[in-house]
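Please treat every number below as a calculation from the coordinates, not as lab data. Note that the coordinates shown come from a computational prediction; the quantities given were computed from them, not determined experimentally. Glycine gets a Cβ as well: all are built from the backbone with ideal geometry, and neighbour counts include every protein chain shown.
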């Protein structure tokens, strides 16, 4: 829950920052600024491409963040490392008390 509050708060701070930097807070939300319909500086299409790329990056970042949160929440913050052998994983499970001694010995024989 703390992670969700942190993410929402960070999103609000970033959103308000962009809102103020963009100048819409001073001009009003629907007023057009220089470069939009008045001829501008002749670089409108470049800023369109940059903004499109920015939003693609934001969407991809959010997807990766959600994926990372789902994985760490599901595994309790610990994930099995690919270099761990099955016996190492079994030993950790026994040490945490997830399995008893009989199960440990049985599974150890199966692995050997």
Gain in length, residue 60 to residue 3, computed as 0.36 nm per residue apart minus the alpha-carbon separation, to one decimal in nm?
-> 18.7 nm
Difference of contour (0.36 nm per residue) and Cα-Cα distance, residue 99 to residue 74 | 7.1 nm
Computed FRET value (nearest 0.05) for residue 67 with residue 12, which takes r as the C-beta separation and R₀ as 25 Å | 0.70
Which value in nm describes the separation of the simple spin-label points at residue 109 and residue 46, placed 7 Å from the Cα toward the beta carbon?
-> 7.4
